[in-house]
Amino acid sequence: MKFNLLFCVPLFCFVASSFAQQRPYYTQYILNNYIINPAVAGIENYWDIKASHRHQWVGLDGAPVTTYFTVNGPLSRSENGRENPTSARTPGENPRGENFLDQYHSTDPHHGIGATFLNDRTGPINRFAFYGTYAYHLPLNERTSLSAGVSLGIQNVSLKTNMLDFGTAYPIDPVVAQSAYVNTIKPDINLGLMAYGAQWFAGVAVQQIIPQKIGFDNGKLNGDSITILDGKLVPHLFLQAGYRLLMGDDLSFLPSVTAKYINPVPFNIDINLKIMYRDILWLGGSVRPTDGFAAMAGVNISSSFNIGYAYDHTTSELNNVSNGTHEIVVGFLLGNRYGDWCPRNVW
């Protein structure tokens, strides 16, 4: 399919101006906060593997499709007898109930590492990125911990030129003539902090911390023909907080909020809610006042496997030409020696 310039340019401008987000958008980051904040690496007592596929604005040609694979875990943890009601599944009890809150203890000092593989495609533009992560966790007191993390990586932005259609006036774009792909490779750095306890977490993360110019012609094309202006990769700031409330013996009420800022656009806010039955089933929702809302559901099948699904409905004009957004996240828990079915610290 040829990607018509008359459609291509408005779509990209819409994404840039309305969402002002050069990074992929996620709904189920509440299942994998590591995808946003590198300080989460190694936060649990197991190796957490997540694979996700997101098809945005289904029915719209060239709409974003994002796939990622992440893995993170601790390099070492204390062996001083942590198996207790905060981690074991006692028959008839909610593993995240009153005993969990009463006996929760802050982390032992330890290192965490992780890796991310990500591919994000919108029309003829594709972004592939790889990151390696390091984080350090330490206790602040008996019930509160703090972690800091950094992700270093590279991202390759490519333009598939054989999908472009500039019309009869410009049958060949001189910038990309006789080239199937045009590539730009850039380094990337993400930083994060996370404080967490039994009932709450709060974090800040900055992605794409080094502003960089990006342009497929490097500003060399001038004159009367088509001119491609240099774009700019800008930092993305994320602020997050969440709280855990018990609703009886078996239900947990988990509200959280994420604020995103990409200069020069004002903060965008996601308001999330997750209701969990013990540590097995959960239902959730997310509201983005400037864009739309989402419904989510998931199941923790065992201490080594979980799955979640989300459906997004936009309230913008894109709703007239799309059938919503679908996202699935599959998780694997390796080395889970305490048998946790769901996270203890960040949800």
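Just a few scattered comments:
- Selection from the stretch 4-29 of residues that are at pLDDT 50 or above and either outside any helix (DSSP H, G or I) or not polar (S, T, N, Q) (or both): Gln21, Gln22, Arg23, Pro24, Tyr25, Tyr26, Thr27, Tyr29
- Within the stretch 160-180, considering residues that are in contact with an Asp or Glu (Cβ under 8 Å, 6 or more places away or on another chain) and modelled with pLDDT under 65, the one nearest to Ala41 (Cα to Cα): Val175
- Residues of the stretch 50-61 include none that is at pLDDT 95 or above, more than 13 Å from the chain's Cα centre (by Cα) and within 19 Å of Val329 (Cβ to Cβ).
- Criterion: touching a residue at least 12 places away in the same chain (Cβ under 8 Å), touching a Gly at 6+ places or on another chain (Cβ under 7 Å) and closer than 30 Å to His55 by Cα - qualifying residue of Gly112, Gly123: Gly123
- Single condition Ser316 does not satisfy, out of (1) under 17 Å from the mean Cα position of the chain (by Cα); (2) surrounded by fewer than 18 Cβ atoms within 10 Å (Cβ to Cβ): (1)
- Residue in the stretch 115-122 that is surrounded by fewer than 21 Cβ atoms within 10 Å (Cβ to Cβ), modelled with pLDDT under 95 and either of a type outside the set (D, E, K, R) or not in a strand (DSSP E or B) (or both) present: yes
- Among the residues making up the stretch 198-226, those that are outside any loop (DSSP other than H, G, I, E, B), modelled with pLDDT of 75 or more and of a type in the set (Val, Ile, Thr) are Val204, Val206.
- In the stretch 281-312, the residues that are among the hydroxyl-bearing types (Ser, Thr, Tyr), in a strand (DSSP E or B) and surrounded by 14 or more Cβ atoms within 10 Å (Cβ to Cβ): Ser286, Tyr309, Tyr311
- The lone exception for Phe305 - which of (1) under 15 Å from the mean Cα position of the chain (by Cα); (2) closer than 30 Å to Pro139 by Cα it fails: (1)
- The stretch 260-272, residues that are surrounded by 14 or more Cβ atoms within 10 Å (Cβ to Cβ) and either of a type in the set (Val, Ile, Thr) or closer than 17 Å to Ile209 by Cα (or both): Lys260, Tyr261, Ile262, Val265, Ile269, Ile271
- Residue count for the stretch 144-159, restricted to those that are at pLDDT below 95 and of a type outside the set (Val, Ile, Thr): 4
- Residue that is surrounded by the most Cβ atoms within 10 Å (Cβ to Cβ), among those in the stretch 20-59 that are among the polar types (S, T, N, Q) and within 22 Å of Ser316 (Cα to Cα): Thr27
- Across the stretch 258-302, the qualifying residues are those that are under 17 Å from the mean Cα position of the chain (by Cα) and among the β-branched types (Val, Ile, Thr), and the one among them that is farthest from Glu327 (Cα to Cα) is Ile262.
- Screening Asn37, Asn72, Asn84, Asn32 for residues that are in contact with a helix residue (DSSP H, G or I) (Cβ under 6 Å, 6 or more places away or on another chain) and either of a type in the set (Gly, Ala, Ser) or modelled with pLDDT of 90 or more (or both) leaves exactly one candidate, Asn72.
- Boolean, Ile275 is closer than 28 Å to Thr315 by Cα, in contact with a Leu (Cβ under 6 Å, 6 or more places away or on another chain) and either surrounded by 15 or more Cβ atoms within 10 Å (Cβ to Cβ) or at pLDDT below 90 (or both): yes
The values are calculated or read from the model by the stated rules, or taken from the named source; none is laboratory data. Remember, it's a predicted structure, so these values are computed and weren't measured experimentally. In this analysis, Cβ positions are derived from the backbone assuming ideal geometry, glycine residues included, and neighbour counts consider all displayed protein chains.
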